[in-house]
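Trainee: The structure that follows is given in the form of structure tokens.
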Amino acid sequence: MFVVIMLTGAFVGPVFAPTQAETPILRLIWLPVYVVIIGLLAMRADKVIRAWPALLMVLGLVLHAYASRYWSIDVETTLRRVLAMGMASVFAVYLGVAFRGVHLSRLLMWMGLILGIGSLVFVFAFPAIGVHHGDNDGLWRGLWYEKNQMGVIMVAGAAASAACLASEQTRHRLMPSIALLVTTLLVLATQSKTSLLCLLLAVGLIAGLWAMRRGGAAFSVVAIWVGVVLIATGSYVFITEPAVVLKALGKDPSLTGRTDIWVSLMHKVSVHPWTGYGYQAFWGRDSVPAMYVRAETGWPVPSAHNGWIDLLVQLGWPGAISVGLLVAIGFLGSVLRVRTDGPKEGWWALGYFLAFLLLSLSESVLLSHANLPWVLMLAIVARATCFEPYPTRVPLAPAARAAYQQRPRIATHSAHARQRAIPVR
């Protein structure tokens with residue numbers, strides 16, 4: 001729980017670095033986190049090693065990011081954040097294989113509840129931190145720098161709470177219900193359209209799969225048919241009349257200036273299409289390419305607001321394609337596991353996965369160095385590629401004579417009759 005909360009970026013950043021600048025104290029705070037991660041990996045090494053396909057994919061991404069130091073425009077930042085990304089990635093594999101069934105959803109449910117209550121305390125008791133001032137004045141941001149960060153974490157908590165309610169392994173549903181209520185309230189308080197859509201997609205999919213399982217085959221066929229019709233209709237309307245859809249969602253056609261950022265960044269990508277500018281090096285304060293983007297857009301752009309374009313400016317097309325293949329493997333694995341492990345975990349993996357894909361189109365959450373959404377994505381990949389252990393063998397009899405003793409094969413037809421033990425000689 002300590003590592004998961006640290007990966008959310010809650011409290012520590014806004015208190016120790018309110019200007020969002022990296023400080024030495026923030027780097028020192030992460031050292032105990034790395035020690036805890038190493039200890040957890042050592043304790044569960046037998047389980048983690050079974051997810052060796054995920055470990056190999058993570059190793060490939062880490063090596064690619066490390067190799068970008070040779071062409072990075074900020075070598076120090078690249079090296080420092082490659083280490084952070086590697087530690088978070090191996091912790092993601094640990095989460096995926098050590099917390100099976102509903103246990104990971106339960107952990108995230110408690111995380112959402114704890115941080116949700118903490119955010120409410122800061123909003124009402126310490127509004128200087130918990131409420132936006134200036135830009136987005138009056139909107140809640142809780143324990144984070146901005147409202148979008150709180151919305152993303154609360155979506156993860158809400159999806160986990162819904163999965164706990166839907167799981168067949170959950171006995172008590174009071175706390176998941178409270179957690180779902182708190183996290184949903186905070187998502188609404190951010191007024192973030194992206195977070196709200198992610199919430200509806202994740203919780204709606206989990207609820208739909210739960211209803212299909214409870215409703216039987218006929219209900220499942222009708223639900224799938226209705227879902228396909230709604231998705232096809234929505235896609236057609238969005239493709240033909242995108243401005244109308246965006247206006248209905250409260251967005252302008254430029255997506256609050258995001259399209260201007262993307263056009264400017266794609267010009268920078270065309271300069272270094274195969275290498276990029278180095279892992280996590282593009283958006284530095286002294287970055288010349290970033291200064292051009294900020295000058296073209298007319299405001300201090302902090303990120304690409306699109307995970308895939310951000311990957312392109314960092315690692316080029318090879319990096320984006322590699323991450324895309326990993327995401328595809330995780331998606332296929334989640335779909336194949338729906339029938340067997342879905343009811344146990346409350347269909348959390350598939351629900352969160354779809355919300356993450358939508359989030360990646362609006363926020364820079366792919367291949368992040370210390371970011372819970374990307375860690376949970378890798379945990380899903382680890383679950384999908386983990387090899388299950390062989391079933392344990394039946395223990396042998398302690399003595400040779402006892403090996404030939406069998407239970408009586410002839411049983412009485414009456415449940416009230418007595419059965420006598422048949423001696424074996």
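Trainee: Over the range 104-178, calculate the relative contact order: mean separation of alpha carbon pairs under 8 Å at least 6 apart, over the residue count, as a percent. Before the final figure, lay out each step's value.
Mentor: On the way: 86 pairs, mean separation 24.4, N = 75.
Relative CO of the range 104-178 lands at 32 percent.
Trainee: Not counting ligands, DNA or RNA, and with a 1.4 Å probe, what is R173's accessible surface area in Å² rounded to the nearest 10?
Mentor: 100 Å²
Trainee: Check which residues have an amide H placed less than 5 Å from V365's amide H, if you skip close sequence neighbours.
Mentor: G307
Trainee: Just flag the chymotrypsin sites (Phe, Trp or Tyr not before Pro) in the range 93-194 sitting in loop per DSSP whose Cβ has no more than 15 other Cβ atoms within 10 Å.
Mentor: Numbers: sites: Y94, F99, W110, F122, F124, W140, W144, Y145; in loops: F99, W144, Y145.
Hits after loop and neighbour filter: nothing returned.
Trainee: HN-Hα J couplings of the range 162-177 from phi, Karplus 6.51/-1.76/1.60, θ = phi - 60°, integer Hz, Gly and Pro as x?
Mentor: Each residue's phi maps through the Karplus curve to give 5, 5, 5, 5, 8, 6, 6, 8, 8, 9, 10, 10, 6, 5, x, 5 Hz.
Trainee: So what's the projected area for the range 296-393, the Cα convex hull averaged over all directions, in nm²? Walk me through the intermediate numbers first.
Mentor: Details: hull surface 32.6 nm².
The orientation-averaged projected area of the Cα hull of the range 296-393 comes to 8.2 nm².
Trainee: Moving to a separate point now. Which order do D341, D46 take by accessible area at a 1.4 Å probe, largest first?
Mentor: Values: D341 40, D46 95 Å².
Result, largest first: D46, D341.
Trainee: Let me ask something else. What is the extension gain from V237 to T259, computed as 0.36 nm multiplied by their sequence separation minus the C-alpha to C-alpha distance, in nm to one decimal? Walk me through the intermediate numbers first.
Mentor: On the way: separation 22, 0.36 × 22 = 7.92 nm, distance 1.99 nm.
So the chain would gain 5.9 nm between V237 and T259.
Trainee: Dividing the convex hull volume of the Cα atoms of the range 40-135 by its residue count, what figure in Å³ per residue is obtained?
Mentor: Details: hull volume 15.7 nm³, N = 96.
So the per-residue hull volume is 164 Å³.
Trainee: Of I206, I129, which has the most accessible area and how do the rest follow, probe 1.4 Å? Let's see the in-between values first.
Mentor: Working: I206 5, I129 55 Å².
Sorted by accessible area, descending: I129, I206.
Trainee: Given points 7 Å out from each Cα along the Cα-Cβ axis, report the E168 to V288 separation in nanometres with one decimal.
Mentor: In this crude label model, E168 to V288 measures out at 6.2 nm.
The values are calculated or read from the model by the stated rules, or taken from the named source; none is laboratory data. None of the values given here were measured: they were computed from a predicted structure. Using ideal geometry, Cβ is built from the backbone for each residue, glycine included, and neighbour counts are taken over all protein chains shown. For accessibility, only protein heavy atoms count, side chains too; no ligands or nucleic acids. Shrake-Rupley method; radii C 1.70, N 1.55, O 1.52, S 1.80 Å.
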